[in-house]
Structures are given as C-alpha cells and as structure tokens.
Amino acid sequence: MKQISEYKKSVDLLAVAGLGLCTLSLHAQKKEAKKPNIIVILTDDMGYSDIGCYGSEINTPNIDKLGMNGIRFTQFYNTARSSCSRASLLTGLYPHEANMGFLSNYNYTEPGYGDDLSKNSVTLAEVLKNSGYSTYMSGKWHLSKNIEDATGDKSNWPMQRGFERFFGILNGSDNYYDPGTLMSNNTFIAPAKNFYLTYAISDTAVSYIRNQSKEKPFFMYVAFTAAHWPLQAPENEIDKYKGKYNIGWDSVREMRFEKQKKLGIIPKNTVLSTRSPEIPAWKEETMKPFQERRMETYAAMIDAMDQGVGKIIAALKQKGELENTIIFYMHDNGGCAELEGSDKPTVPLTDEQKVLKPLPADYIQMSKKPEYTRDGKIVRSGRGVMAGPADTWMAYGPEWANVSNTPFRLYKQYVHQGGIASPLIINWPQGIKNKGAITRQVSHLMDIMPTIIELSGANYPATINGNKIQPLEGISLTPTFVNKTVDRKLVFWEHQANRALRVGNWKLVAKTKSPKKFTKADENSWELYNLEQDPSEMINLALKYPEKVKEMSEIWKKEALRTKALPWPWDRN
C-alpha cells in the first residue's frame, strides 16, 4: 500500500504513531487518542443526483449534513454493479481480482469470474478485527455463491469473512416486507411483525452502537438495500411526496441540474445530457399517475434510509462517539433502468387469487421474489400497478433512472458516467478540518480500504488463513483531508464486456449492443471524451484523436489481463 508522505507530514491533522492515532493541533502538539470508529454506509441502485447535497429534491437532511460538514467527492466511481462494487469496496481490489467479475452465485470458470469472494483477498472486517476492532454488519451481503444452504459452504458468509455480528440478507434483491435469506449472524430467520427492511437495517446498526464497549473501537458496514427494486415503502413515507413529481421527469431533471451547478457539484461548463431516446417527453406520457407513484415510492425509500442514517448519528452522539467516528457514504452503482415487469400489461386477479391462506409467523422466506405476501395476497406487477405495498413488485424504469443519474447518460451495468459515477462523503468531526470541502479528485471504491487502513493504523496482511493475499489496488484518499493531491495514474472498468479506462481527464469507453455479447463491431466501438471539457460525455473525440484511442485501448487490454478481467466468459462472434 502506498503511504502518503505529505499526509504524514501534516501538522494540522493526523499522524499514526505507536499503538493508535494521535491528533495534532495546529501547533503540532500531540495528544493521545483512541483509534477512530469507522462506519461505511453503502446504498443500492441510487444515482448520482439522488441525495440533497448532490442535487436532489428528496428529503435527505442527515446525509446532507454529513456532506456539508465533511468532504464531498464529485469524481468518485463504483464498478457499475452490486456484487462487483461490494467486492471492490471490502477488499481494496478491482472486482475481478476479488473473483467477482459479474454477480455472486453464477458459475463461470474464468479466473476473474468465479463470483464467490476470493480467499486470496482480505476484507475490511478481517483486517480491522485483527487490529483490535469490533466488527459489525447490517444489510445486504451479495458476495457468496451459496446463499440458501445452511449446511453447505459458509466460508464466504459475513461472519466467516471477519464480521463478529451480522444482520441482513445474502440475496441481491428482496421484498422489503418479507425478504428472502434474512439472517441473524449465521441463522436464517423470519421477519418480525410490522417488519420493513430499511428500518430493520438502521435499528440493528443503532443497537450495535448502543451495546458497544467504549474501551474498544468499532467498524460497522451498513449496506442498505434502498433504493433497489421492488419499489416498496410504508404509505406514510410515500404520502410526503404526493404531487411532487406531477411536473414530470424532464422538469425534475432540469431542476436537479441547476441545483448541482449552484452547489458546485458539477462544473459550470457541464451540459445536461439529452434524454434517453427510449423515454418519451413527459407531456406525451399516457399513464402519469402510475409514473408519479413510482417516483414517489422511490423517493420515500430514500427518505426512510436517510432517517436511518439520522438514527445512527443520534446513537453516536448519545454514546459520546460522534466526534471520533469516521463515516463514509456512497452508492454501489448508478440509477437502474431495469424494468422488472413494470412495462408489461397488468393481469387482473382471479377470485381464487384474491383469497389465500396467510403464512405462519415463523415461516422463513428464501425466495427473493415471493409469489405471495405473508398475509396471503398475490404479488402483482405490470404497467398500471401502483407501487409501494408488499403485494407489488415494480421498478421505476429508465424514465426516472435518467433523472437519478443527472447530468449523465446511461445507467447501472454500463461504464459510461451514468453507470459508475457516485457520491462519496467522508465525515469525521475530529479529524477533518476543511469541513464542507468539495474535491474533484478521481477516486474509486477500492480506495476505501487503504484509506481506512491508514486512518486506523491497521496492517494489510501478506497472508490470511494460509492464503496469499493480493496487493492492494486502491490508494489512500487521506491527502484530500488537507487539500493535497492523490497520486492516481488510471482507473479501469469492465462489466458484461462494457469497457472503460480513465487516465487524467481522458476517458475511453465502450458499450456492447447486447449485454454479455461481444461482436466484431463492439471491438472497435470505443468512444473518447475529455471529461474536463465535457463532463457528461456528449462530444465523442474518437475520430479526432485516433492515436489517443489506440494508446488507451492498449492500456485497457493490459489492465484487463493483469486484473483478470480477461479472459472473460462473454460470448464472442
């Protein structure tokens, strides 16, 4: 791991000394301090502009406060998909190096695509546990091939990868009222009465804080499933947004864009990307109430998640631990354009389907998409179904995903900016002096591990459980705490044969015509952008600078081979 010499020399922030961190005053006077607590908050399928301090109209005061009193990163990247991003975040590696080139529980044979977290990687929980931290997780795992067999291989379940306590799901998506693979530690459980997954994730995180010994630092990973489909939220949360979206996606997107410029989140020269061609203008939409309800529910899910963040902050205050707790907040990919049945005609229920037997209270759900609710209602989807209740299964589609990803284009699974650009907030009352700073330095999920290692004084192991551990790919972001430059050479992406490379302000990117298919036409479909001059990727310079395309495409291939993105399992023809 690279050590940041400038950061080490700074006299107005941190120095790692002896057994723990020492805070330095402006006059370089050292004071002994307990190691910082660390909380990593990751949300699911949320776009770049979905929180208030990055441009949204959605009510997120608690996250906004973290951002306004911490550091906001405007060029932070994820890996375009859930499992891949979680692997990169927790290991400090590119996802393929962590054996997570696609999604967990697939069965590819290529070295980077085993889709079961690599034993030659080490998780943040394993590193910090070995450094004297208590380690907790509440939320979505999505990193194990085995997610259902309690008698099978548990070696990649959270507790086997360093977490002392775990509450959450192993699945990648679930009904919020009756989630499959719901667990407490290593045991599958049934949800309690009046259960809602977002509330349960928050409340569990709060209970960990309240029960934590003040004599020992803790690391907590809070992985919300919000706002991944299905669109489900309590009615009182949805009511807050009634009528909010009757102006339509075009107007909401323009409002977010203007707010982003005022906040300084995007440069003044940024152009709002054009609406995706498959999306009609709002005035042409024929089912406006249905569309409004989808976005009202999505907003409610984010609002409920932000309330949970507020509970976590309040628990830290009550414990007297807020000042010495580092909080990281980020998203796993861009807004999601997947349809999940929301484009299909609604099928009327039969009389038999309307009256079904409720499930027993102790019934343990294993399906991520149950056919019936716990009280016996059939789960419905289709164009016209009003999202929100437990008996609906909907996504918000490309129409609102395009809003989420303002000002960018494309979505989750693609490696254009809309798929991979994410907020990153780092908040630490005791340790960050330039509160409210906005940084445009390029950063990535894999940088979180080395940043935390440096701040905690932990050691990155060469081996663990007899397995040789790969060197870190990420680099520490601590120089940004004192307005220093992060020494980044490049960032590389591959997902479903969608490809990208960023070197400085140049970004080379390509998308396939069909997911997981790679044709001769795709081979030479590179686009080239100067992100300083064109942050939203609107002016393709590939024909103007063919030598730059050739140079960067060769680097991309070398990186792909080095990081195990090649050979890939995708079809070639």
message: Going residue by residue through the stretch 320-334, is there one that turns out to be under 34 Å from the mean Cα position of the chain (by Cα), of a type outside the set (Ser, Thr, Tyr) and surrounded by fewer than 16 Cβ atoms within 10 Å (Cβ to Cβ)?
response: yes
- line: Among residues of the stretch 442-487 being aliphatic (A, V, I, L, M) and part of a loop (DSSP other than H, G, I, E, B), the residue surrounded by the fewest Cβ atoms within 10 Å (Cβ to Cβ) is Ala462
Residues that are out of contact with any Ser or Thr (no Cβ under 8 Å at 6 or more places or on another chain), of a type outside the set (Lys, Arg) and closer than 19 Å to Gln533 by Cα, drawn from the stretch 265-286: Pro267, Asn269, Thr274
- request: Given the conditions (1) in contact with a helix residue (DSSP H, G or I) (Cβ under 8 Å, 6 or more places away or on another chain); (2) under 21 Å from Ala421 (Cα atoms); (3) of a type outside the set (D, E, K, R), report the number of the one that Trp556 does not fulfil.
  value: (1)
message: Looking only at the stretch 420-440, filter to residues that are part of a strand (DSSP E or B) and among the β-branched types (Val, Ile, Thr); which one of those is surrounded by the most Cβ atoms within 10 Å (Cβ to Cβ)?
response: Ile426
- prompt: Out of the stretch 163-188, which residues are closer than 22 Å to Gln212 by Cβ, touching a residue at least 40 places away in the same chain (Cβ under 8 Å) and not hydrophobic (A, V, I, L, M, F, W, C)?
  reply: Arg165, Gly168
Sole residue being touching a strand residue (DSSP E or B) at 6+ places or on another chain (Cβ under 7 Å) and among the hydroxyl-bearing types (Ser, Thr, Tyr), chosen from Thr463, Thr480, Thr485, Thr406: Thr480
- prompt: How many residues are over 27 Å from Asn405 (Cα atoms) and in contact with a Ser or Thr (Cβ under 8 Å, 6 or more places away or on another chain) when one looks only at the stretch 530-567?
  reply: 0
message: Out of the helices (runs of 4 or more DSSP H) lying entirely within the stretch 192-309, which hold 1 or more residues that are under 21 Å from Leu339 (Cα atoms) and acidic (Asp, Glu)?
response: 248-263
message: Please count how many residues of the stretch 316-363 are among the aromatic types (Phe, Trp, Tyr), part of a loop (DSSP other than H, G, I, E, B) and within 18 Å of Asn37 (Cβ to Cβ).
response: 0
query: Based on what the data block shows, is Ile247 of a type in the set (A, V, I, L, M) and in contact with a Pro (Cβ under 6 Å, 6 or more places away or on another chain)?
result: no
message: Can you tell me which residue is nearest to Pro461 (Cα to Cα) among those in the stretch 82-114 that are surrounded by 24 or more Cβ atoms within 10 Å (Cβ to Cβ) and charged (D, E, K, R)?
response: Glu97
message: Being outside any helix (DSSP H, G or I) and closer than 30 Å to Met255 by Cα is the requirement here; does Met366 meet it?
response: no
Where Asp115 falls short, out of the listed (1) of a type in the set (Asp, Glu); (2) at pLDDT 95 or above; (3) in a loop (DSSP other than H, G, I, E, B): (2)
- prompt: Can you name the residue in the stretch 244-258 that is surrounded by fewer than 22 Cβ atoms within 10 Å (Cβ to Cβ) and either free of Cβ contacts under 8 Å to residues at least 40 places away in the same chain or in contact with an Asp or Glu (Cβ under 6 Å, 6 or more places away or on another chain) (or both) and, of all such residues, is farthest from Val271 (Cα to Cα)?
  reply: Asn246
message: Quick check on the stretch 135-145. Is at least one of its residues surrounded by fewer than 22 Cβ atoms within 10 Å (Cβ to Cβ), assigned by TED's automatic domain parsing to the domain that holds Pro360 and either aromatic (Phe, Trp, Tyr) or over 20 Å from Lys412 (Cβ atoms) (or both)?
response: yes
- request: Select from the stretch 335-371 the residues that are surrounded by fewer than 16 Cβ atoms within 10 Å (Cβ to Cβ) and of a type in the set (Ser, Thr, Tyr) and write down the one among them that is nearest to Asp149 (Cα to Cα).
  value: Ser367
query: Could you say whether any residue in the stretch 58-77 is assigned to a strand (DSSP E or B) and within 13 Å of the chain's Cα centre (by Cα)?
result: yes
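The values are calculated or read from the model by the stated rules, or taken from the named source; none is laboratory data. In this text, all values refer to a predicted model and were calculated from it rather than measured experimentally. Counting neighbours? That spans all protein chains shown, and the Cβs are built from the backbone with ideal geometry, glycine included.
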